[in-house]
Amino acid sequence: MASVTIRDIEKSFGSVNVLNGVSVDIEDGEFIVLVGPSGCGKSTLLRIIAGLEQQNAGNISIADELVDNLHASHRDIAMVFQSYALYPHLTVANNISVPLHMRRLSFLQRLPLLGRFMPGHKEIMDGIKRDVDEVTETLGIGALMDRKPGQLSGGQRQRVAVGRAMVRHPRAFLMDEPLSNLDAELRVHMRAEIAELHRRLATTFIYVTHDQAEAMTMADRVAVMMDGDLLQVDTPSNVYKNPTDIRVAEFIGSPKINILAAQVDGAGKITVGDRMLSGLYSSVKGEDIQVGVRPEALTLADIKAEGLPCRIVHHENMGSEAYFHAELNIGGRVISRMDASALDTFATGQEASIVIDPQNALLFGKEGQRLASKIEVAA
Amino acid sequence: MSEQTTSVENPPKRGASLKAAEARTRLISYLFCLPAISLMIIILLVPIFIAGVLSFTDYSLGNTDFNWQGTKNYERIFGRSSYQKMLWASATYVLVVVPASIGLGLGAALLINSLRRFGDFYKAIYFLPVMAALLAMAIVWDFALHPTIGIVNKTLASGCGTLVEGFFSWGWIPGVNGAESWYSTSCADEFPHWLGEKKYAIWTICFIGIWQAVGFNMVLYLAGLTGVPRELYHAAAIDGVRSGWERFRLVTWPMLGPTTVFVVTITAIRSFQVFDTVEALTEGGPAKSTYVMMYAIFEKAIRENLVGFGSAITIVFLGFVLIITLSQRYLVERRVHY
């Protein structure tokens, strides 16, 4: 259990910059998820924290102690790999006990045949067995102890990998896309299981994924990374509702946020196409901006309604809700998420109009930075 | 639905035609296999069978008939001292060359694998003896090991009376009499005739065998090393593995298991087959100390035209190779594939 501090980490492979000065403070016991598209540097950052990769600049400290010059084996952290990286020649029980063997037994006690005759060997081995049994019981893999990894299913391997990480009570858990090799159903299940595990262990978890659903459902805080930069670190709901950058807004949320080009007039009033967004004002006057609207903040209305005219090109029935894909008459395509009852009124091919909820519209500048907006509810 | 009904209505007819079609397919598939099977029998199995039959006779090439000898040929192999020497020479060669060349090959592969630069250069150097024809290289060794003008003995002799002798006579170790050491006595007397003395010849042949096999084993191990997942090394580092030795024991060696089984089998079979160095350098001598099986087969069956007896040695030779192959198949292979 420890806090992890990341200060101005830079890393490049040859001439390619992978991380350009990333800083984040991770609190003791926090579940932080590093999320971003592939190639954004999130895995590299995790490997630098683990000590498997050396940064070009910046510092890592664990529990307020600099660890930059410590070998991975001395940092007292555990890692779960995407491929699980279980030792294929060892049984489940032996795989889980490797970290304890390495730490508790001396060099002589670890010798292949002579080791067991060294003083103290038996007591230590009994202690290791107790700890391994405790972990396998917690994870429900007690019955698999004598199997080899090749004889296990993906989900079971995943649990063994977590068990190997848990067994020595590390200061922090690092997880590198641990669920990406599982099928969709199991992934949702393991998501809940890992979040529960975090609650029970109350240890710092640093979790890397490219799946924003994993990030949103598991994290205390989400760190969105893109092109080697950390764009925003915040709670899942803030990252969704209050993205500080258009790239964050576009990455988080499914279906994707709708981005519409808009103009601000001298008075700060915003127009999209030929429609004014009533009650919404921007501080940037007389400029072109971008308006981001989440699909649930876009509603379809009758063609005569006060909105942007459009044509529905496709609709998806999700059971409890429905997604409508619409082509705007001013150009561009948007997605609206509505209650499934809207399917009674609207269907593919129909002409309709799109109504933007100004309270939930996000304003971004031309460079993608977030702009302040002022909402005035008309009396 | 309609398909189901017809099949229920006419089951016997349909079954019969199906059976005929199946039989035809089976016949055709055998026909396709026939060329491969007959070639295999003619060029692989029949010669071995003939050798097996001839090993119980006194047949010579060119004779029209032969006499049955029973197991006399085999009794000679295991009874007469010169053939016991043959078995010893082959066993010594295999038991020295296999472990030494595998150990050194693995060591070279690990060292080269850890290099960031010049890896290809070292690979090429170590692989040179494998590419070079051993018969040609044997001539070079013959010169190098010549008792008086050879570079080996000249180099050794130039160290006499200098610090080199002082060091290698081990006289500086307390309790060791330097004057009695191998180096000092050789300096006083003469350096050995490496290929001409019974005491040294088989070891010299072994040395050349190792020199040649290391490069081949190294290449096989290098290929094996590329198959070890890098994440396992990372997992090992996180699990607290600090030293290179522990990393080797936990990850590298187990992951090289299949490679090792293959390397051991191949090297053992190649070592049993050693012939060219013996033929070029010692011709089985001195006093049959390097009289390995392949050379014995050559001498008896080809030079002396004792085909029956040569066949018996061949069958014994095949027996050894078969034992090695089967033991790798059944004893080891199961334990290295996870």
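Some observations on this one:
- Restricting attention to the range B:63-103, the residues that are of a type in the set (G, A, S) and within 17 Å of B:F298 (Cα to Cα) total 3.
- Residue satisfying condition, being at pLDDT 85 or above, within 24 Å of the chain's Cα centre (by Cα) and loosely packed, with under 13 Cβ neighbours inside 10 Å, within set B:A91, B:A133, B:A124, B:A51: B:A124
- Within the range A:1-55, strands (runs of 3 or more DSSP E) holding 1 or more residues that are out of contact with any Lys or Arg (no Cβ under 7 Å at 6 or more places or on another chain) and farther than 22 Å from A:P178 by Cα: A:4-13, A:16-26
- In the range B:227-247, the residues that are in contact with a Leu (Cβ under 7 Å, 6 or more places away or on another chain), facing another protein chain (nearest Cβ under 7 Å) and at pLDDT 90 or above: B:H234, B:A237
- Condition check for A:G155: touching a Leu at 6+ places or on another chain (Cβ under 8 Å), under 27 Å from A:S3 (Cα atoms) and either assigned to a helix (DSSP H, G or I) or of a type in the set (V, I, T) (or both): no
Listed here are the residues, each with its yes/no results for (1) β-branched (V, I, T); (2) part of a helix (DSSP H, G or I); (3) within 24 Å of A:H74 (Cα to Cα).
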position: A:N94; (1), (2), (3): no, yes, yes
position: A:P99; (1), (2), (3): no, yes, yes
position: A:M102; (1), (2), (3): no, yes, yes
position: A:S106; (1), (2), (3): no, no, yes
position: A:G115; (1), (2), (3): no, yes, yes
position: A:K122; (1), (2), (3): no, yes, no
position: A:M125; (1), (2), (3): no, yes, yes
position: A:V132; (1), (2), (3): yes, yes, yes
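- Among the conditions (1) away from every other protein chain (no Cβ under 14 Å); (2) in contact with a His (Cβ under 9 Å, 6 or more places away or on another chain); (3) on the phi > 0 side of the Ramachandran plot, the only one that B:W170 does not satisfy is (2).
Yes/no matrix, rows are residues, columns are (1) hydrophobic (A, V, I, L, M, F, W, C); (2) modelled with pLDDT of 90 or more; (3) under 30 Å from A:S61 (Cα atoms):
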residue: A:S180; (1), (2), (3): no, no, yes
residue: A:L186; (1), (2), (3): yes, no, no
residue: A:E193; (1), (2), (3): no, no, yes
residue: A:K241; (1), (2), (3): no, yes, no
residue: A:T244; (1), (2), (3): no, yes, yes
residue: A:I252; (1), (2), (3): yes, yes, yes
residue: A:D265; (1), (2), (3): no, no, no
residue: A:G268; (1), (2), (3): no, no, no
residue: A:S278; (1), (2), (3): no, no, no
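- Against the criterion of being in a strand (DSSP E or B), more than 19 Å from A:L34 (Cβ to Cβ), touching a residue at least 60 places away in the same chain (Cβ under 8 Å) and not β-branched (V, I, T), A:L260 qualifies.
- So A:A202, is it over 11 Å from the mean Cα position of the chain (by Cα), surrounded by 21 or more Cβ atoms within 10 Å (Cβ to Cβ) and over 28 Å from A:F13 (Cα atoms): no
- Residue ID - farthest from A:M145 (Cα to Cα), chosen from residues in the range A:56-94 that are away from every other protein chain (no Cβ under 14 Å) and surrounded by 15 or more Cβ atoms within 10 Å (Cβ to Cβ): A:G58
- Helices (runs of 4 or more DSSP H) fully within the range B:98-171 counting 3 or more residues that are free of Cβ contacts under 8 Å to residues at least 12 places away in the same chain and of a type outside the set (S, T, N, Q): B:119-131, B:134-144, B:163-168
- Qualifying residue in the range B:206-216 (condition: farther than 30 Å from B:I266 by Cβ and either over 36 Å from the mean Cα position of the chain (by Cα) or surrounded by fewer than 19 Cβ atoms within 10 Å (Cβ to Cβ) (or both)): no
The values are calculated or read from the model by the stated rules, or taken from the named source; none is laboratory data. Quick caveat: nothing in here was measured; it's all calculated off a predicted structure. Here Cβ is always computed from backbone atoms with ideal geometry, including for glycine, and neighbour counts include all displayed protein chains.
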